[in-house]
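**Q** Pasting a structure here, questions to come.
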There are 2 protein chains.
Amino acid sequence: MEDQEQKNNLTPISDLGEFKLIEELTKTFEINNDSTDLGIGDDAAILDFNKEKILVSTDMLVEGIHFDLAYTPMKHLGYKAVISNLSDIYAMNGNCTQITVSIGMSNRFTLESIEELYLGIRAACKKYNIDLVGGDTTSSNKGLIISITAIGHAKGKKVSKRSGAKLNDLIVVSGDLGSAYMGLQILKRENEVFKVNPNNQPDLSDYAYLLQRQLKPEARKDVIEFFAENDILPTSMIDISDGLSSEIIHICKSSGIGCNVYEDKIPVSEELRSACKEFKLHSTTVAMSGGEDYELLFTINQKDYEKIKNSSDLSVLGHITNDIDQVNLITKAEQVVPITSQGWKSF
Amino acid sequence: MEDQEQKNNLTPISDLGEFKLIEELTKTFEINNDSTDLGIGDDAAILDFNKEKILVSTDMLVEGIHFDLAYTPMKHLGYKAVISNLSDIYAMNGNCTQITVSIGMSNRFTLESIEELYLGIRAACKKYNIDLVGGDTTSSNKGLIISITAIGHAKGKKVSKRSGAKLNDLIVVSGDLGSAYMGLQILKRENEVFKVNPNNQPDLSDYAYLLQRQLKPEARKDVIEFFAENDILPTSMIDISDGLSSEIIHICKSSGIGCNVYEDKIPVSEELRSACKEFKLHSTTVAMSGGEDYELLFTINQKDYEKIKNSSDLSVLGHITNDIDQVNLITKAEQVVPITSQGWKSF
């Protein structure tokens, strides 16, 4: 293994100490935010937000649970890991400015593969203007573990929690739903084909949009900017990581209200419809339970409807009712079906 | 396995979803800091530090790399995982107020064992007045992974970085060094004995102090408070997690200076001396390379000597020189030996 790595000019991580590894991985990251006083290299990063509220979100991704390197390029993985954290900060109606990244990796990883991961992290940082200000690198007994903490800020009055939805508010979602999940199904299918016939060169061009949604999702910073430009303050907001069903239940529970969501209003892409036919899946089910869309689900006062009605990227799904725990889907056949969700259950 | 767990009234993690698990683990945590506006339960925590600088530190602990559950009780592990992060914030001369905790665990862990871990986390939060404001729980393919991010604050002018040490500054350390490492050696030895004879009941009372330093270390918040009370501003500071050698090199490199450290000034406990004799180890080596002491190593201007000279808990180790990269130990035999360190190298 080591011989092979040397033949391929790859560098075993064991050739570097921790300090050298961190230096190697982070040397191309620049500091761009005024709020970053001191980044990597001391016991803690120093941030300065003056009088704003600080937003903090964190999550952990584990190989074999959250991602499969058989069909996830390291660079995409790094990008997506950052995106999912930024999305949480945007879901508070805040701006994200810093992240810390901790990595645990087994000795099967080379420096070059981890550098690919950091190229993806760097691309996301650059696109969303985020400073990498800290982290940790360590070895693991098995596989790759990525733990990211995102830090952002917002004026106190501008923060949108999950808990503020009010009677008659409109329920709105950005973008379209379910495509990321469908992209994963296609990757899994191709991986099975590959195992049987490694020389097969699949033509995935028909699925480009679905694969992009799965492998290189974006966080909806643009929606937050749209709110600021149009003086919209969502009464509640959450990002769609586990699926529409799960997220709408979170908003209703946190806000102590119910809702009616209309099936025919749920935005799905043409590519999703087409793939659902091929996979014999119901597109509404995929859109509601799929997850990993990183779209924003939010509620607004009806008086703000005028401000969003011309946005082709925002869909009004339904409205808030005062029937506590009545979280309903109104189907195309006008049946009322309770929306249920186990949330995320990976154990 | 499952049958046995049920017989013992233990709850497999798989019986709970993620949301229920988080609720179960965090329900006894209270919010005590004014700077915590909103803790667990939304996309991000909301913090408010008004005009102070924010300090952020993070690290990742992996089972089999950083800890061995054969001789580390889960409760102690949780406590120590928090302590090591608080220590980083104190090492900036800041106060720590919030943490996030992410846990990855394989299916061999029961709810009760993870609750033990959180009891330790809670005990540390309570003692140091820290609010748990977020985190993530997920499954892992192997073992336990703990990733903690600590958030603190300080007045800008009060922050002590690694990089501020100046010519003729005194080098000072809190507490004593090496005992945590020695405690680990004792635990490892007893674990080997246990493997051969599981019925052996060891008498570890002679090693109580060393074991406590390894299993239940404390972070030196009291030293930070002492600085504030006595109007001391360290010119540079770092916490001792990897060992005195490694940390003094960090300070010298970051500050662009050199130093002389005197062997006979390095504080070691009587228990360490005694155990070193038993293990045929050199106590200076253990004190300099041991690590996990979580003491504070700092430099002060000589004019501040009067303020610390009566503290039995602070030891002046030597002084800063302007010989860049001359990081020297002056031995008891008055030999000058360059201090070297690989830092931490677990790969």
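Values in this text are rule-based calculations from the coordinates and carry no lab data. Being a predicted model, the structure only gives us computed values, none of them experimental. Virtual Cβ from ideal backbone geometry, glycine too; neighbours counted across all protein chains shown.
**Q** How long is the gain from A:N168 to A:E192 if the chain were fully straight, where each residue apart is worth 0.36 nm and the alpha carbon distance is subtracted?
**A** Contour length minus Cα-Cα distance gives 3.9 nm.
**Q** Which of the pairs A:K51/A:K307; A:K27/A:K158; B:K80/B:K188; A:K80/A:K221 have their Cα atoms more than 26 Å apart in this structure?
**A** From the list (A:K51/A:K307; A:K27/A:K158; B:K80/B:K188; A:K80/A:K221), the Cα-Cα distance tops 26 Å for A:K51/A:K307; A:K27/A:K158.
**Q** If you find the alpha carbon centre of the range A:16-91 and of the range B:82-131, how far apart are they in angstrom?
**A** 20
**Q** While we're on this one: Could you line up A:K277, A:K53 from fewest to most neighbouring Cβ atoms inside 10 Å?
**A** So the residues, fewest neighbours to most, are A:K277, A:K53.
**Q** I need the phi-derived Karplus couplings for the range A:20-26: 6.51 cos²θ - 1.76 cosθ + 1.60, θ = phi - 60°, integer Hz, Gly and Pro marked x.
**A** 5, 4, 4, 4, 4, 6, 10
**Q** Let me ask something additional. Using only the alpha-carbon atoms, what does the protein assembly as shown span along each of its principal axes? Please give whole angstrom values in decreasing order.
**A** Ordered largest first, the protein assembly as shown gives principal extents of 90, 55, 54 Å.
**Q** Answer rounded, prolate or oblate for the range B:74-121, using the Cα gyration tensor with square roots of eigenvalues a ≥ b ≥ c: rounded when a/c is under 1.5, else prolate when a/b is larger than b/c, else oblate.
**A** prolate
**Q** With each run of n ≥ 4 DSSP H residues scored as -39500 (n - 2.57), what mean residue ellipticity at 222 nm is computed for the protein assembly as shown after dividing by its residue count and rounding to the nearest 500 deg cm²/dmol?
**A** Taking each H run of at least 4 residues, the total per residue is -10000 deg cm²/dmol.
**Q** I've got another one for you. Treat every Asp and Glu Cβ in the range B:238-278 as -1 and every Lys and Arg Cβ as +1, leave all other atoms uncharged, and give the resulting dipole magnitude about the Cα centre to the nearest 20 debye.
**A** 180
**Q** Continuing with this model, one more query. Dipole size in debye (nearest 20) for the range A:138-202 around its Cα centre, Lys and Arg Cβ +1, Asp and Glu Cβ -1?
**A** Roughly 460 debye for the range A:138-202.
**Q** Between A:K309 and A:E23, how high is the FRET efficiency from 1/(1 + (r/R0)^6) when r is the Cβ-Cβ distance and R₀ = 45 Å? Nearest 0.05.
**A** FRET efficiency, A:K309 to A:E23: 0.30.
**Q** Report, by chain and number, residues whose modeled amide H sits under 5 Å from the one on A:L317, excluding near sequence neighbours (fewer than 5 apart, same chain).
**A** A:I171, A:V172, A:V173
**Q** If you don't mind, there's one more thing I want to ask. Taking amide hydrogens as modeled 1.01 Å from N in the peptide plane, which residues meet the under 5 Å criterion relative to B:I257, leaving out close sequence neighbours?
**A** Counting only residues 5 or more places away or on other chains, the set is B:D325.
**Q** Across the range A:201-217, in residue order, what do the Karplus-derived ³J(HN,Hα) couplings come to in whole Hz, using 6.51 cos²θ - 1.76 cosθ + 1.60 with θ = phi - 60° and x for Gly and Pro?
**A** Calculated HN-Hα couplings, in order: 9, x, 9, 9, 4, 5, 9, 3, 5, 5, 5, 4, 5, 7, 8, 9, x Hz.
**Q** If you don't mind, another one. Going 7 Å from Cα along the Cα-Cβ axis for the label, what nanometre distances separate B:V196 from the same residue across the other copies?
**A** 5.7
**Q** Counting only residues 5 or more places away or on other chains, whose amide H sits under 5 Å from the amide H of A:L132 once H atoms are built in the peptide plane?
**A** Placed amide hydrogens put A:I99 under 5 Å from A:L132.
**Q** At a Förster radius of 25 Å, what calculated FRET efficiency corresponds to the Cβ-Cβ distance of A:D15 and B:D68, to the nearest 0.05?
**A** 0.45
**Q** Further question: Calculate the mean, over all residues of peptide B:140-153, of how many other protein chain Cβ atoms lie within 10 angstrom of the residue's Cβ.
**A** Per-residue shielding by partner chains comes out at 6.
**Q** Continuing with the same structure: Could you give the dipole magnitude of the range A:2-158 about its Cα centre, charging the beta-carbon of Lys and Arg +1 and that of Asp and Glu -1, in debye to the nearest 20?
**A** 840
**Q** Let me ask something additional. Using DSSP, restrict attention to beta bridges with both residues in the range A:190-347 and report what percent are antiparallel, rounded to the nearest 5.
**A** Counting DSSP beta bridges with both partners in the range A:190-347, the antiparallel share is about 75 percent.
**Q** Using the scaling law 2.2 N^0.38 Å as the reference, what is the normalised Cα Rg of chain A?
**A** In units of the 2.2 N^0.38 Å rule of thumb, it is 1.06.
**Q** In nanometres, what is the gap between the two model label sites at A:R273 and A:L119, each 7 Å from Cα along Cα-to-Cβ?
**A** Here the modelled spin labels are 3.8 nm apart.
**Q** Shortest first and in nm to one decimal, what separations exist between A:P12 and its copies in the other chains, measuring from label points 7 Å along the Cα-to-beta-carbon line?
**A** Relative to the other copies, A:P12 has label-point distances of 3.9 nm.
**Q** Among the lysines, select those whose C-alpha is under 17 Å from the C-alpha of A:K142, and discard any that sit fewer than 8 residues away in the same chain.
**A** B:K142
**Q** How do B:K309, B:K142 rank when sorted from fewest to most other Cβ atoms within 10 Å of their own Cβ?
**A** Going from least to most buried by this count: B:K309, B:K142.
**Q** Select from A:S160, A:S236, A:S274 the residue whose mean-square fluctuation is largest in a Gaussian network model of chain A (Cα-Cα springs shorter than 10 Å).
**A** Evaluated over chain A, the most mobile residue of the options is A:S274.
**Q** Moving to a separate point now. Semi-axes of the range B:160-277's equivalent ellipsoid from the Cα gyration tensor, sqrt of 5 times each eigenvalue, largest first, rounded to whole Å?
**A** Square roots of five times the eigenvalues give 35, 15, 12 Å.
**Q** For chain B, what's the relative contact order in percent, using C-alpha pairs closer than 8 Å and at least 6 residues apart?
**A** Dividing the mean separation by the residue count of chain B yields 21 percent.
**Q** OK, next. Please state, as a whole number in µm²/s, the translational diffusion coefficient that the Stokes-Einstein equation yields for the range B:2-158 at 25 °C and 0.890 mPa s, with Rh defined as the Kirkwood radius across alpha carbon pairs.
**A** 151
**Q** I've got another one for you. Once fully extended, how much extra length lies between A:N107 and A:D34, figured as 0.36 nm per residue of separation less the alpha-carbon to alpha-carbon distance?
**A** Residue separation times 0.36 nm, minus the Cα-Cα distance, leaves 22.5 nm.
**Q** How long are the three semi-axes of the equivalent ellipsoid for the range B:14-78, computed from the Cα gyration tensor as the root of 5 times each eigenvalue, in whole Å, largest first?
**A** 28, 20, 11
**Q** Starting from the 7 Å offset along Cα-to-Cβ, what nm value, one decimal, do you get for the label separation of A:K155 and B:E225?
**A** Those two pseudo-labels are separated by 3.9 nm.
**Q** List the distances, in nm and shortest first, from the label point of A:N322 to the matching label points in every other copy, placing each point 7 Å from Cα along the Cα-to-Cβ direction.
**A** From this label point to the equivalent ones elsewhere in the assembly: 7.7 nm.
**Q** Could you give P(r) for the range B:273-332, binned at 5 Å from zero, as whole percent values over all Cα-Cα pairs?
**A** Over the range B:273-332, the share of Cα pairs per 5 Å bin runs 4, 12, 18, 21, 21, 15, 6, 3, 0 percent.
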